[in-house]
Amino acid sequence: MDNLHRIRHRLRTHRFPPQVGTGGPRAPASAGAGPTPRAGNRARARTVGGVYRFLLTPRWWGINVFLLLSIPFCIFMGSWQLGRFEDRVDSHRDAEERVATDQREQPRPLDGLLPVTKATSGKQTTASGRYDTQLLVPDRQLDGADGYYVLTLLRTDTGRALPVVRGWLPGTADPAEVPAAPTGEVTVTGALQASETPGSNGVSSRSGLPEGQTAAISTASLVNLVPYDVYDAWITLNRGDPGMRAVPASAPGGTGLDLKAFQNLGYTAEWFAFVGFVIFMWFRLLRREVELARDAELGLAAEESEGDGAGSAGDDVPRQATGVSSPVQ
């Protein structure tokens, strides 16, 4: 195999010197002095027509059609995924701005804002009633500090209770550290929020919490802790009760830079990477076909196949050591 590669290299690069006299083989007269313009044109035409003739085969027609269709398709899909990511960024920015503007609006009655949607989440609302059961929501952060929410259920005239986050306290959840809730009839004003989903948006999904604690502020969790109906919503007070910090309202679900947004960004990179991969593979196949076509013109492909056949056949015959005569049969 090494000899075949050396022969191939010599045939491609060697220039035959001009022969003088009549004896022996003669190289073409143009080999030493360089091709004339007309000969160069014929060689170039032979190269285009011979070496690249494979581009007209049905196999390469299919490869080229696939290339021409896949590149714009990948660019379209990458641009679409990038647009989805940009839409989520704009939605997140708009939601944050709306939370800030909603705080300056006049509060509206609670029943007029239910059920909670993306349009009503964060709106200012007001409700009246009496505080009843109080719960603690551990594993909540505020400005990078660990702490817990103080959640108190407000019994309204409708018979249902409205979960109210009265504020945030640092440290480990401890009922002894929580200020007592106001007694008597109270009116609360705050930002309306949708029920939380355990395991999403930083909401803990812990179970087996001590009595008087809940991992998520959701109707599904609270109905198992109190003997009365609960609104499928909750509010956070604009001003925390004495001794506690107010919990800022959060943007509605599906409008933030969540995992789906970064998935769109990752898909964008993948589609554009596919474009580069398709082009790379096309040039690689083209280069391989050109080399095979040039070898065929020089007759090296047949020689190589014959050499491989001879080598494989020779491998099956046991070799005799040099200098050792074979025994007489």
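The values are calculated or read from the model by the stated rules, or taken from the named source; none is laboratory data. All values derive from a computational prediction rather than experimental measurement. Please note: Cβ atoms are built from the backbone with ideal geometry, for glycine as well, and neighbour counts cover all protein chains shown. Side chains are part of the model used for accessible areas, which takes the heavy atoms of the whole protein and leaves out ligands, DNA and RNA. Shrake-Rupley method; radii C 1.70, N 1.55, O 1.52, S 1.80 Å.
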- Within segment 142-160, can you find the residues that are closer than 18 Å to Ala191 by Cβ and either open to solvent by less than 10 Å² (accessible area, probe 1.4 Å) or not charged (D, E, K, R) (or both)? Leu142, Tyr149, Val150, Leu151, Thr152, Leu153, Leu154, Thr156
- Task: State yes or no: is Leu153 in contact (Cβ under 8 Å) with a residue 60 or more places away in the chain, touching a strand residue (DSSP E or B) at 6+ places or on another chain (Cβ under 6 Å) and of a type outside the set (Phe, Trp, Tyr)?
- Result: yes
- Flag for Asp241 being assigned to a loop (DSSP other than H, G, I, E, B) and in contact with a helix residue (DSSP H, G or I) (Cβ under 9 Å, 6 or more places away or on another chain): no
- Subset of segment 76-122 that is in contact with a helix residue (DSSP H, G or I) (Cβ under 6 Å, 6 or more places away or on another chain) and closer than 30 Å to Leu286 by Cα - its residue that is least open to solvent (accessible area, probe 1.4 Å): Gly78
- Within segment 114-193, strands (runs of 3 or more DSSP E) holding 3 or more residues that are out of contact with any Ser or Thr (no Cβ under 7 Å at 6 or more places or on another chain) and under 17 Å from Pro248 (Cα atoms): 124-142, 145-155, 161-170
- Item | Near pairs, Cβ below 8 angstrom, 6+ apart or cross-chain, from segment 209-223 (under 11 Å from Leu135 (Cβ atoms) and open to solvent by 10 Å² or more (accessible area, probe 1.4 Å)) to any residue that is basic (Lys, Arg) and at pLDDT below 90 | Ala215/Arg206
- Message: Name the residue that is farthest from Val65 (Cα to Cα), counting only residues in segment 274-299 that are among the small types (Gly, Ala, Ser) and surrounded by 12 or more Cβ atoms within 10 Å (Cβ to Cβ).
- Response: Ala296
